[in-house]
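Please read the structure below before turning to the comments.
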Amino acid sequence: MARKRILSGMQPTGELHLGNYLGALKNWVNLQADYDCFFCVVDQHAITVSYDNKALPKLVDDLAISYLAGGVDPSRSTVFVQSAVPEHTELAWYLATVTQYGELGRMTQFKDKSEQTGAEAGASAALFTYPVLMAADILIYKATHVPVGDDQTQHLELARNAAQRFNSRFKKGFFPEPQGLYSATPRIMGLDGHKKMSKSLGNHIGMLEEPKPLWKKLAGAYTDPQRTTQDEPGRPELCNLFRMHTALTAADRLPVIAEQCRSAAFGCGHCKKELEASLDRELAPMRERAKELRANPERLREILGDGAAKARAVARETLREVRELMGIRGPSL
Ligand code: AQP
């Protein structure tokens, strides 16, 4: 039986942070053993809000380097850039015909992002239809599973609805209804504790951050708001840093750290020092791999070129079938 297929992507909007890594990328790496994986850099999503066109190409390369440095293995997974496979945008148009305007209006990410960039009415139509392109990214590979953080749950539901409607209108069972695959830490909060960790909010620790700035940020990070002094007991189950420990620190240390917090045996500074050590164990090899990849741009071009060729072969075939089902002539007819 064919292996189940995964598609996931991230936007080249800045350095990856611990939320992206613990919520999604670490999960991608683990899933490579059991799934046929497609991982893309979604550059066409990044242009839905104001962006720097001169900086974008480098951001795309940096993000691909982060995928590879984080453990995505191009000999097992297909790694590519979204715009290298133009079939995504054509399928998005077809899926827009089976997506409801009201559904798009309910997307909370559209509301959040349009607020961040000004008024909703001034937001681009591309930001509004972003989830349709995301549905196309997934369905063009007939992916069965999508590993993401929990902020993507609503978008994924829209992709499932589009698949269902397309199938019931044109061909039963044509698209799988993609399911989310969530890591054990599907939501990492920002250093300020108020919103999810986000590249654009500047409340993050970079995945490839050097030890000194990393510690500076960690030292100032928000923990349990009720614990204002070291003598007060903490609530690890509500603390963002304990959540990070669960993904990064040895399992036998977790009950010990939790108890030290609850009993106020140690303060948050102590807990942060142990987290710093866990982070360094995990991130130091990634920083090394990223340096090697940055020094070898030809290798990156080769990986992305091979990935795009593999992805395109699959995408072309899906699109050929879609056009045929929908009665669209397309370029080859
Ligand atoms: N804080 C988070 N906790 C857990 N998972 C997260 N993800 C993002 N933030 C967190 C997951 O990372 C993947 C890539 O996200 P994206 O690049 O598509 O954009 P995003 O979700 O909008 O991430 P950012 O950092 O918030 O980017 P900006 O600020 O540019 O919009 C997704 O799987 C997401 O769930």
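Each residue in the range 195-252 was checked for being within 16 Å of the ligand (Cβ to nearest atom), of a type in the set (S, T, N, Q) and out of contact with any Phe, Trp or Tyr (no Cβ under 7 Å at 6 or more places or on another chain), and 4 of them qualify. A Cβ distance below 8 Å, combined with a sequence gap of six or more or placement on separate chains, defines the contacts here; from the range 102-124, residues that are polar (S, T, N, Q) reach residues that are open to solvent by 80 Å² or more (accessible area, probe 1.4 Å) and not in a loop (DSSP other than H, G, I, E, B) in the pairs SER114/GLU120. One residue stands out among those in the range 90-125 that are of a type in the set (Lys, Arg) and either surrounded by 16 or more Cβ atoms within 10 Å (Cβ to Cβ) or over 20 Å from the mean Cα position of the chain (by Cα) (or both): the one that is nearest to LYS195 (Cα to Cα), which is LYS113. The condition of being at pLDDT below 95, under 23 Å from the mean Cα position of the chain (by Cα) and basic (Lys, Arg) holds for only one of ARG227, ARG262, ARG235, ARG243, that being ARG243. Determine, yes or no, whether LYS199 is surrounded by fewer than 20 Cβ atoms within 10 Å (Cβ to Cβ), under 21 Å from the mean Cα position of the chain (by Cα) and either of a type outside the set (A, V, I, L, M, F, W, C) or modelled with pLDDT under 95 (or both). Yes.
Determine whether LEU218 is open to solvent by 10 Å² or more (accessible area, probe 1.4 Å) and closer than 25 Å to ALA184 by Cβ. No; evaluated as a whole, the condition is false for this residue. Out of the residues in the range 1-59 meeting the condition of being touching a Phe, Trp or Tyr at 6+ places or on another chain (Cβ under 7 Å) and assigned to a loop (DSSP other than H, G, I, E, B), tell me which one is surrounded by the most Cβ atoms within 10 Å (Cβ to Cβ). Here the answer is THR48.
Taken as a whole, the condition of being among the β-branched types (Val, Ile, Thr), farther than 30 Å from ARG3 by Cβ and either assigned by TED's automatic domain parsing to the domain that holds ALA96 or open to solvent by 70 Å² or more (accessible area, probe 1.4 Å) (or both) does not apply to THR144. For the range 72-86, a residue qualifies if it is in contact (Cβ under 8 Å) with a residue 40 or more places away in the chain, open to solvent by 20 Å² or more (accessible area, probe 1.4 Å) and part of a loop (DSSP other than H, G, I, E, B), and the qualifying residues are ASP73, PRO74, ARG76. Within the span defined as the range 70-81, every residue fails to be within 20 Å of ASP151 (Cβ to Cβ) and among the aliphatic types (A, V, I, L, M). Given the criteria over 23 Å from ARG187 (Cα atoms), open to solvent by 40 Å² or more (accessible area, probe 1.4 Å) and not hydroxyl-bearing (Ser, Thr, Tyr), does GLN226 qualify? When the stated conditions are applied, GLN226 does not pass them. Among residues belonging to the range 160-193 that are within 13 Å of the ligand (Cβ to nearest atom) and among the hydroxyl-bearing types (Ser, Thr, Tyr), point out the one that is most open to solvent (accessible area, probe 1.4 Å). For the range 160-193, the residue satisfying everything is TYR182.
The values are calculated or read from the model by the stated rules, or taken from the named source; none is laboratory data. Since this is a predicted model, take the numbers as computed values, not measurements. Glycine also receives a Cβ, built like all others from the backbone with ideal geometry; neighbour counts cover every protein chain displayed. Surface areas here come from the heavy atoms of the whole protein model, side chains and all, with no ligands, DNA or RNA. Shrake-Rupley method; radii C 1.70, N 1.55, O 1.52, S 1.80 Å.
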